[in-house]
Amino acid sequence: MADLAPTTTLSRTTGSSIDRARLDRIVLRSSPDVQGTMMDGETVLLDLSTGRYYTLNRLGSVIWEHCTGQSTIADIHAAICDRFEVVSSRALDDLIDLANELIREGLLQQERR
Amino acid sequence: MEQKKEQYAQPVVVKHELL
């Protein structure tokens, strides 16, 4: 069993690297060096390039499952609103915040299509 | 029939630092 240093819940920033004007044109894809597995509704991500690992809670895992390079951010947002009891604007803010964090950590890539 | 939706909780990612 590996000894682990304290964990870090990644901070949210107000700056956005995702262009909100193009949510229907941006698709999200996991980075090639990242492997994920789901356990008990949560997802563990291992970044082979850095040796770091991350955990996603339930909704984070749902979002991650959509990051296959097929769904646009607008598609993912619609799927969340369809499945969860949430105000649309909050779901979008949370989705973009999470995506930006994952992009900043090198776990996700965004592509225009 | 209205579909019952799941309870929402903010998506969170936690980074773990290995020694």
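Checking each residue in segment A:53-80 for being at the interface with chain B (Cβ under 9 Å from one of its Cβ atoms) and either touching a His at 6+ places or on another chain (Cβ under 6 Å) or without any contact (Cβ under 8 Å) to a residue 12 or more places away in the chain (or both) picks out only A:Tyr53. Scanning segment A:99-108 for residues that are modelled with pLDDT of 90 or more and within 10 Å of the chain's Cα centre (by Cα) yields a total of 6.
If the condition is being facing chain B (nearest Cβ under 8 Å) and open to solvent by less than 40 Å² (accessible area, probe 1.4 Å), then segment A:81-106 contributes A:Phe84, A:Val86, A:Ala91, A:Asp94, A:Leu95, A:Leu98, A:Glu101, A:Leu102.
A:Thr37 falls short on exactly one of the conditions (1) open to solvent by 70 Å² or more (accessible area, probe 1.4 Å); (2) not in a strand (DSSP E or B), and that condition is (2).
The values are calculated or read from the model by the stated rules, or taken from the named source; none is laboratory data. Model, not experiment: these values are computed from the prediction. Counting neighbours? That spans all protein chains shown, and the Cβs are built from the backbone with ideal geometry, glycine included. These area figures cover heavy atoms from the full protein model, side chains too; ligands, DNA and RNA do not enter into them. Shrake-Rupley method; radii C 1.70, N 1.55, O 1.52, S 1.80 Å.
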